[in-house]
Amino acid sequence: MTEEHNKEIWIFLSHSSEDFNKVRLIRNYLEEKSFRPLMFYLKCLDSEEEIYDLIKREIDARTRFILCDSKNAQASEWVQKEMNYIRLQDPPRSYCKIDLSETEDAIHKQLDSYINQTNIFISYSRTDFNVVKLAYDRLSKYELNTMADFAMLMHGGNYAATLSIGIQHA
């Protein structure tokens, strides 16, 4: 994967195949926002163990997880396995639940809320810089919009204005 792809936000969309058309609208919306959602239906694999192993690897390869919730999803054995896998991770992995019974506009608002809740501004003492830098790098690795003054300041920039902007966006 190229460095540019490493900076993109990759999302696993958990869904029932019965909801394909509605989930495709979610995928398209996320792609318009420059995210990389994965939506697939496995038809070429025979073994349930092989399918589950692939699904777990795909979930692990993505930094975000969205449950496309519906009656179909709640009845889907595979969606339930995906959710159990997410919940059993240590620590449990966060996810977004989108209600597919909502209107398209309401779904977009849910997605926008999820997208916008991941702004983090790190405030710290200079004596903790090395630890903060490690935390910043780790959070950035998972495509969380992480801000710290050392990453935001241009040489000779306005420190007070930079801090104010970071706090407002967090």
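The values are calculated or read from the model by the stated rules, or taken from the named source; none is laboratory data. Please read these numbers as outputs of a predicted model, since none were measured by experiment. In this analysis, Cβ positions are derived from the backbone assuming ideal geometry, glycine residues included, and neighbour counts consider all displayed protein chains. The protein model used for the area step is the full one, side chains on, heavy atoms only, and it has no ligands, DNA or RNA in it. Shrake-Rupley method; radii C 1.70, N 1.55, O 1.52, S 1.80 Å.
Of the solvent-accessible surface of the range 26-112, computed with a 1.4 Å probe over protein heavy atoms with every protein chain present, carbon and sulfur atoms account for 45 percent. Run the simple label-point estimate for GLU49 and SER123 please: 7 Å along Cα→C-beta, distance reported in nm. Roughly 5.3 nm, to one decimal. Exceedance of the 24 Å cut-off in Cα-Cα distance is limited, within the set LYS22/LYS109; LYS81/LYS109; LYS33/LYS109, to LYS81/LYS109.
The modelled label-to-label distance for the pair LYS109/GLN74, using points 7 Å beyond Cα in the direction of Cβ, is 2.2 nm. Would you mind checking the range 70-94 for residues with the amide N under 18 Å from a putative spin-label position 7 Å along Cα→C-beta of ALA135? Only 91 fall inside the zone, counting backbone N under 18 Å.
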